[in-house]
Amino acid sequence: MNQNNQGPPSFVAGMLSERFEQANGQNAKRFLEQHKDVFEMDAPEQNLKEVRATEDELGMTHVRLQQTKDGVPVDRNELNVHFNENNEVTVVNGNYDSKLDEIKLDTTPRLAKNSAMEVAKDAVNAPDFIEFEKSDLIVYPFQDDYFLAYRVNLEFHSGAAGNWFIYVDAHSGDIIDRYDAMTGIGHFEEMLDTAPVTEEDPGAFQSQFTSGISPLSIDPDTLHQSRGKGIGTTGAQKNLNLGHGPGENGGQTFYLADQRSDEMDGIYTYNMQNTTNRMWLYENDNASWKNVVYDGDSSSWETVGQGPGVDAHKNSRIVYDYFKENHGRNSLDDNGMAIESRVHYATEFNNAFWSNGLAMMTYGDGDGQQFIPLAALDVTAHEMMHGITHYNGGLRYRFETGAVNEAFSDTFGSIIDDRSWHVGEDIMGEAWLEDGRFALRSSEDPGLFPVNQSFWAYSVDGEGRYPSHMEEFYFLPGNMDNGGVHINCTILQHSAYLVSEEYDMGRDVVADVWYRSYDYLHFDATFAEFREAILQSAIDLYGENSEEYDAFLGAFDDIGLYEGWDYDENFRDPLW
């Protein structure tokens with residue numbers, strides 16, 4: 001049992017109830033109502049709202065509940081109730097803040113929703129054209145206080161790309177908190193110039209864009225499927241699934257459009273032509289550049305410069321097939337959504353990222369010094385895994401939870417690209433290779449590579465190596481790598497390597513247990529909760545007395561992630 005600082009235990013496992021007639025949200029709340037004193041809840045049936053209920057291949061049902069205050073969702077506070085195949089409750093885990101049951105909070109906003117949106121845009125100097133914007137009224141626990149707030153999400157790709165979450169006080173209009181949740185392969189802003197070179201987009205067309213429009217400039221139904229081949233960035237020849245059809249040369253225009261799976265909506269790869277924002281062209285019938293889907297005049301994609309498109313397109317298929325064949329997952333949302341990627345983003349852009357708002361992967365070309373084009377297999381898997389994490393309910397992209405998020409992406413990158421337990425071997429540029437840096441991060445031996453020097457003061461010894469043990473955890477402020485999401489992740493990834501290689505369980509066991517653990521995680525899960533989620537998943541799949549369970553338990557001991565590890569209790573000040 002793990003205990004939250006406020007409210008009920010964060011993870012309780014055992015035979016917790018008698019058999020219910022059905023395993024569903026109503027009975028999950030009924031169970032909590034019956035045991036509300038144990039879970040320190042005043043009125044769970046009233047204050048919890050069902051988010052979803054899913055049944056897995058073992059016959060277990062996982063119910064996710066959202067805490068509310070007077071009907072308003074409480075940000076970050078979710079509770080999971082798990083039923084076994086006999087409809088008995090066996091696990092309850094997550095966040096519930098009992099203090100909110102006791103306090104009075106005015107949940108009627110005085111600030112209009114559109115006014116909060118404008119305040120948020122000003123706070124982050126958002127450009128006029130924003131690809132995605134959303135605002136939700138929530139209760140926001142922050143620094144031992146509670147606020148009625150608008151949680152505004154702004155995603156834009158012009159200039160310095162950002163996926164901002166801004167919390168605006170719904171009474172006063174003040175900014176309570178904000179952070180940039182743009183995912184990527186690393187945090188190198190101080191080390192590298194990752195800001196893209198921008199271009200001016202004609203404002204007349206910017207206003208025509210509406211969120212959610214498909215960027216496909218041709219009707220997929222008019223395409224005929226064909227096979228082709230291409231050469232990737234590093235010179236490897238790859239077989240491709242293509243589409244051909246409408247074009248200036250009588251239907252012999254070939255597109256990076258793969259529609260060979262009846263169960264999903266296709267795989268499409270787009271050419272950004274080294275711009276950061278061409279979305280306005282998708283609605284402009286008179287635009288000179290209409291080849292939005294990456295196209296060519298033959299089925300052979302071997303021209304210099306086409307490599308990143310070849311890589312992204314082929315690797316997206318590989319990742320899709322992996323999850324379909326090994327985990328029964330049908331695309332990123334498990335509902336057959338199209339897989340879309342953008343290559344040649346910006347000029348000398350040293351990163352790749354997943355976009356929640358656009359539901360796309362985006363790859364830069366690198367500057368040739370730090371990175372070459374970034375659509376390698378492990379990077380593609382990394383970014384697509386961010387999408388899977390998003391559609392599985394999300395993991396807040398800050399502090400411990402954000403590191404869990406990144407660990408999922410790096411770990412599955414090394415599972416799908418199984419040549420090693422390093423990440424980014426195929427994207428390293430000339431300068432880093434000359435400096436001896438042959439990969440971005442390593443799950444096998446995290447200490448092989450240093451982090452950015454600006455973080456060294458927060459390391460345990462001042463040497464600034466990626467950590468492999470909890471004693472080496474970086475206690476970073478929120479404005480540095482969102483609290484260490486790209487740094488502390490290597491501790492958890494190292495445990496995956498240990499299970500697979502040192503305990504000889506193999507990559508498949510790691511993949512099955514880690515993937516299943518999504519059911520036991522929640523939006524603000526800590527390292528300690530991640531540990532419990534993994535161990536419970538191992539029990540579900542293999543049993544508590546299994547060698548697989550012992551391997552995961554042993555690996556957590558090896559990295560120093562013991563039961564109930566607490567951030568505040570272990571906090572360490574920087575060295576200077």
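The values are calculated or read from the model by the stated rules, or taken from the named source; none is laboratory data. Just so it is clear, the model here is predicted, and its values are computed rather than measured. Note: ideal-geometry Cβ built from the backbone for every residue, glycine included; neighbour counts use all protein chains shown. These area figures cover heavy atoms from the full protein model, side chains too; ligands, DNA and RNA do not enter into them. Shrake-Rupley method; radii C 1.70, N 1.55, O 1.52, S 1.80 Å.
Here are the numbers for the structure shown:
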quantity	calculated
Of the criteria (1) among the small types (Gly, Ala, Ser); (2) within 18 Å of Phe399 (Cα to Cα); (3) part of a helix (DSSP H, G or I), which one Gly478 fails	(3)
Residue count, the stretch 473-497 (criterion: farther than 25 Å from Glu383 by Cβ and surrounded by 22 or more Cβ atoms within 10 Å (Cβ to Cβ))	1
Residue match in the stretch 435-448 (condition: more than 19 Å from Thr183 (Cα to Cα) and in contact (Cβ under 8 Å) with a residue 60 or more places away in the chain)	no
Residue match in the stretch 506-526 (condition: over 28 Å from Val460 (Cα atoms), free of Cβ contacts under 8 Å to residues at least 24 places away in the same chain and open to solvent by 10 Å² or more (accessible area, probe 1.4 Å))	yes
Residue check, Val51 β-branched (Val, Ile, Thr), open to solvent by 10 Å² or more (accessible area, probe 1.4 Å) and on the phi < 0 side of the Ramachandran plot	yes
Complete set of residues in the stretch 457-469 that are open to solvent by 10 Å² or more (accessible area, probe 1.4 Å) and more than 30 Å from Ile166 (Cβ to Cβ)	Val460, Asp461, Gly462, Glu463, Arg465, Tyr466, Ser468, His469
Conditions (1) over 29 Å from Asp42 (Cβ atoms); (2) open to solvent by 80 Å² or more (accessible area, probe 1.4 Å); (3) without any contact (Cβ under 8 Å) to a residue 12 or more places away in the chain: number failed by Gln143	(1)
Selection within the stretch 388-438 - of a type in the set (Phe, Trp, Tyr) and assigned to a loop (DSSP other than H, G, I, E, B)	Tyr397, Trp421, Phe438
Condition broken by Val38, with the remaining ones in (1) out of contact with any Asp or Glu (no Cβ under 9 Å at 6 or more places or on another chain); (2) surrounded by 14 or more Cβ atoms within 10 Å (Cβ to Cβ); (3) without any contact (Cβ under 8 Å) to a residue 40 or more places away in the chain satisfied	(2)
Qualifying positions in the stretch 54-67 - surrounded by fewer than 19 Cβ atoms within 10 Å (Cβ to Cβ) and touching a residue at least 40 places away in the same chain (Cβ under 8 Å)	Thr54, Asp56, Glu57, Leu58
Failed condition for Ser355, given (1) out of contact with any Ser or Thr (no Cβ under 6 Å at 6 or more places or on another chain); (2) crowded, with 24+ Cβ neighbours inside 10 Å	(2)
Checking Ile218 against (1) modelled with pLDDT of 85 or more; (2) under 22 Å from Met337 (Cβ atoms); (3) touching a Pro at 6+ places or on another chain (Cβ under 9 Å); (4) assigned to a loop (DSSP other than H, G, I, E, B), the condition it does not meet	(1)
The lone exception for Leu16 - which of (1) under 28 Å from Tyr562 (Cβ atoms); (2) assigned to a strand (DSSP E or B) it fails	(2)
Single unsatisfied condition, Gly543 versus (1) in contact with a Gly (Cβ under 6 Å, 6 or more places away or on another chain); (2) over 19 Å from Val81 (Cβ atoms)	(1)
The stretch 127-156, residues that are more than 19 Å from Lys104 (Cβ to Cβ), of a type in the set (A, V, I, L, M) and touching a Phe, Trp or Tyr at 6+ places or on another chain (Cβ under 6 Å)	Ile130, Leu154
Cβ-Cβ under 6 Å pairs, at least 6 apart or on other chains, the stretch 96-113 side over 27 Å from Lys36 (Cβ atoms), far side assigned to a loop (DSSP other than H, G, I, E, B) and among the small types (Gly, Ala, Ser)	Pro109/Ala170; Leu111/Ala170; Leu111/Gly173
Residue in the stretch 233-242 that is open to solvent by less than 20 Å² (accessible area, probe 1.4 Å), closer than 28 Å to Gly366 by Cβ and either among the acidic types (Asp, Glu) or at pLDDT below 85 (or both) present	no
Residue among Asp504, Asp512 that is at pLDDT 95 or above, part of a helix (DSSP H, G or I) and more than 30 Å from Ile176 (Cβ to Cβ)	Asp512
Enumeration of residues in the stretch 20-66 that are in contact with a Lys or Arg (Cβ under 8 Å, 6 or more places away or on another chain), assigned to a loop (DSSP other than H, G, I, E, B) and charged (D, E, K, R)	Asp42, Asp56
Only one of Glu425, Glu400 that is open to solvent by 10 Å² or more (accessible area, probe 1.4 Å) and under 16 Å from the mean Cα position of the chain (by Cα)	Glu400
Out of Asn153, Asn125, Asn95, sole residue that is modelled with pLDDT under 95 and surrounded by 14 or more Cβ atoms within 10 Å (Cβ to Cβ)	Asn95
Residue within the stretch 442-456 that is assigned to a loop (DSSP other than H, G, I, E, B) and surrounded by fewer than 15 Cβ atoms within 10 Å (Cβ to Cβ) present	no
Subset of the stretch 168-185 (residues that are buried (at least 24 other Cβ atoms within 10 Å of the Cβ) and over 18 Å from Thr401 (Cβ atoms))	Val168, Ala170, Ile185
Every pair of residues 6+ apart whose Cβ atoms lie under 7 Å, when the first sits in the stretch 370-387 and is more than 12 Å from Ile415 (Cβ to Cβ) while the second is of a type in the set (Asp, Glu) and in a loop (DSSP other than H, G, I, E, B)	Pro373/Asp365; Ala376/Asp426
Some residue of the stretch 430-441 being at negative phi, open to solvent by less than 10 Å² (accessible area, probe 1.4 Å), touching a helix residue (DSSP H, G or I) at 6+ places or on another chain (Cβ under 7 Å) and not basic (Lys, Arg)	no
Hey, Phe83 at pLDDT below 95, open to solvent by less than 20 Å² (accessible area, probe 1.4 Å) and more than 23 Å from the chain's Cα centre (by Cα) or not	no
Per-region count, the stretch 106-131, residues part of a loop (DSSP other than H, G, I, E, B) and among the aliphatic types (A, V, I, L, M)	5
